[in-house]
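What follows is a short report on a single structure.
The values are calculated or read from the model by the stated rules, or taken from the named source; none is laboratory data. This is a predicted model, so every value here is computed, not measured. Note that we place each Cβ from the backbone using ideal geometry, even for glycine, and neighbour counts take in every protein chain shown.
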Amino acid sequence: MLFKVYKGTLEDKQDFVFAFGEDFLEEFLVQYYSENDPPEELIVPEPLEESFVEFLSHVKGKKVKVTVPKQGEKKELLELVLKNVEIGFFGDRKKLEALQTKLSLPKLPNVIECFDISHLSGTATVGSMVQFRGGRPDKHNYRRFKIEGVEGIDDFASIAEVVRRRYSRLIEDKHEMPDLIIIDGGKGQLSSAFQELRKLKLRVPIISIAKREEEIYVPGLKYPLPIKKDEKASLFVQEIRDEAHRFAITYNRLLRQKSLIQ
């Protein structure tokens, strides 16, 4: 997390997801301040290499002060930031653990991808895919799909197409697969997506969530899972599904506006 300090208060919180390593803090700061103007003072929890401080000053065009506070107001601000990080990290982890337990997943679903199909008035059918990483949206990895091989309104065929295109591409590029796939829809949409995964010889856990009753379906089970609508796992799946739906609707409207202009 990165905060700005204005008149002694924290504001403009920004969240970042990155791999943890020995020098992760300096690596992140180099990347961030290569694209953003450094502040006059940087408050950090541990000392930084002098070469990095020189880098900041060079980018800023004047001396940047780097502070590791031991007491006082700045120490209190730093502790507040660290508390925010702790709450955010462990809060998200609890959602992931609840979902892993409820779905009997083999590993923590750190990377989740969710698909949705949208069509307004039967035109401009599109698909969307959102990715959640560490329990939070990773918008850098959102994807949009203009349905190409389906005539008319056919959600089953449309879901099959976007799932096939997405994971064929990951296989081709030799990228890692998600830990869980979520389909916005009922048993029919789930079956279509699951069959595409089988054709690609992928064994990625997959579920679907039906809108009206917020029921969660799993391949091979006739009835939905016995999940309470207000429990943590169910609410998390709904959150992901709603984000995929929002993203699909936005893309659909964009295409419709373009068609009206042309």
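Below is a table of values for the structure above.
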read-out	value
From the options V126, V130, residue that is at pLDDT 95 or above and surrounded by 23 or more Cβ atoms within 10 Å (Cβ to Cβ)	V130
Among (1) closer than 16 Å to F145 by Cβ; (2) in a helix (DSSP H, G or I); (3) of a type outside the set (D, E, K, R); (4) at pLDDT 95 or above, the one test that I181 misses	(2)
Residue in the range 169-176 that is under 23 Å from L108 (Cα atoms), in a helix (DSSP H, G or I) and of a type outside the set (S, T, Y) present	yes
Selection count where residues are touching a strand residue (DSSP E or B) at 6+ places or on another chain (Cβ under 8 Å) and either basic (K, R) or not in a loop (DSSP other than H, G, I, E, B) (or both), scope the range 33-51	3
Residues located in the range 196-207, provided they are in contact (Cβ under 8 Å) with a residue 12 or more places away in the chain and in a helix (DSSP H, G or I)	E196, L197, K199
Test for K229: is it more than 17 Å from C114 (Cβ to Cβ) and touching an Asp or Glu at 6+ places or on another chain (Cβ under 6 Å)	yes
One residue from A210, A193 being in contact (Cβ under 8 Å) with a residue 60 or more places away in the chain and farther than 22 Å from K94 by Cα	A193
